[in-house]
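These notes are about the structure you will find just below.
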Amino acid sequence: MPALAQEKIYTLDDIYALPDGERAELIDGQIYMMAPSSRKHQTIARELFSSISSYIKSKGGSCEPFFAPFAVFLNNDNTNYVEPDIAVICDKSKLTDKGCSGAPDWIIEIVSPNSKRMDYFTKLFKYRTAGVREYWIVDPEKNRILVYNFESEDTGDYTFTDSVKAGIYNDLLINFSEIAEILNK
């Protein structure tokens, strides 16, 4: 009986060996190439990051928000590397010059046509098991924001007409209707 072909397990070395300008994520040793994001995607990311950053500054908070490309070594191992659209890290000991070693507290992914399966399934499972406290999936094509609060095991389903409360904060609301207005200009 012939031996089964072994699927190659990729590592961080393979990510770092990518040609300049190419971006990819690494989940459980599998490489997933990333396409450049659209203007709409970038606009949503900018507005979300701006709201979160302003909130943290106004409260004198200790958490730090970052936007892609920002390296997250999710399990602090050699076979998991992601670049979330937005990551909020509250434990400063996880921050290094290279990025975040371990799970961020809050991750937001903005769905692109080529990232649906990754954002809705692969990353949902991976983020939950890695210890991310809260995960938002923002899908502009479906006019939908899914909120997973893994600590309380709550989920929420919102649209771009809603204000969405961040679970890791007591009083941070993101008004998606303002973001929709900007997108429709």
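Residues in the range 139-156 that are of a type in the set (Ser, Thr, Tyr) and assigned to a loop (DSSP other than H, G, I, E, B): 1 in all.
Do you know which residues across the range 22-55 are without any contact (Cβ under 8 Å) to a residue 40 or more places away in the chain and assigned to a loop (DSSP other than H, G, I, E, B)?
Applying the first criterion (without any contact (Cβ under 8 Å) to a residue 40 or more places away in the chain) to the range 22-55 yields 22, 24, 30-31, 33, 36, 39, 42, 46, 49-50, 53-54.
Answer for the range 22-55, where residues must be without any contact (Cβ under 8 Å) to a residue 40 or more places away in the chain and assigned to a loop (DSSP other than H, G, I, E, B): Glu22, Pro36.
Looking only at the range 99-119, residues that are at pLDDT below 95 and either over 20 Å from Arg46 (Cβ atoms) or in a strand (DSSP E or B) (or both) come to 4 in all. Can you report the number of residues in the range 47-67 which are within 18 Å of Ile182 (Cβ to Cβ) and small (Gly, Ala, Ser)? The number of residues fulfilling the criteria is 4. Taking (1) surrounded by 12 or more Cβ atoms within 10 Å (Cβ to Cβ); (2) touching a strand residue (DSSP E or B) at 6+ places or on another chain (Cβ under 6 Å); (3) closer than 29 Å to Tyr81 by Cβ in turn, Arg144 satisfies each apart from (2). Phe70 falls short of the stated requirement of being assigned to a helix (DSSP H, G or I) and within 13 Å of the chain's Cα centre (by Cα). Contact map, the range 72-94: residues that are under 26 Å from Ser37 (Cβ atoms) paired with residues that are buried (at least 24 other Cβ atoms within 10 Å of the Cβ) and small (Gly, Ala, Ser), Cβ distance under 7 Å, separation 6+ or inter-chain. Pairs shown: Val72/Ala87; Leu74/Ala103.
The condition of being over 16 Å from Ile107 (Cα atoms) and in contact with a Cys (Cβ under 9 Å, 6 or more places away or on another chain) does not hold for Gly21. Of all the listed residues (Lys126, Lys142), the sole one being in contact (Cβ under 8 Å) with a residue 40 or more places away in the chain and not aliphatic (A, V, I, L, M) is Lys126.
Please verify whether Ala87 is outside any strand (DSSP E or B), at pLDDT 95 or above and surrounded by 15 or more Cβ atoms within 10 Å (Cβ to Cβ), treating the condition exactly as stated. No. So, of the residues in the range 157-185 that are assigned to a helix (DSSP H, G or I) and in contact (Cβ under 8 Å) with a residue 40 or more places away in the chain, which turns out to be nearest to Glu47 (Cα to Cα)? Only one residue fits best here, namely Ile179. Flag set for Thr129, criterion: of a type outside the set (Lys, Arg) and over 27 Å from Ile182 (Cα atoms). All of Val132, Val138 fail the test of being farther than 20 Å from Ser50 by Cα, surrounded by 18 or more Cβ atoms within 10 Å (Cβ to Cβ) and β-branched (Val, Ile, Thr), apart from Val132. Looking across Phe150, Phe160, one residue alone is within 16 Å of the chain's Cα centre (by Cα) and either aromatic (Phe, Trp, Tyr) or under 14 Å from Val72 (Cβ atoms) (or both). It is Phe150.
The values are calculated or read from the model by the stated rules, or taken from the named source; none is laboratory data. Here the structure is a predicted model, which is why all the values come from computation and not from measurement. Note: ideal-geometry Cβ built from the backbone for every residue, glycine included; neighbour counts use all protein chains shown.
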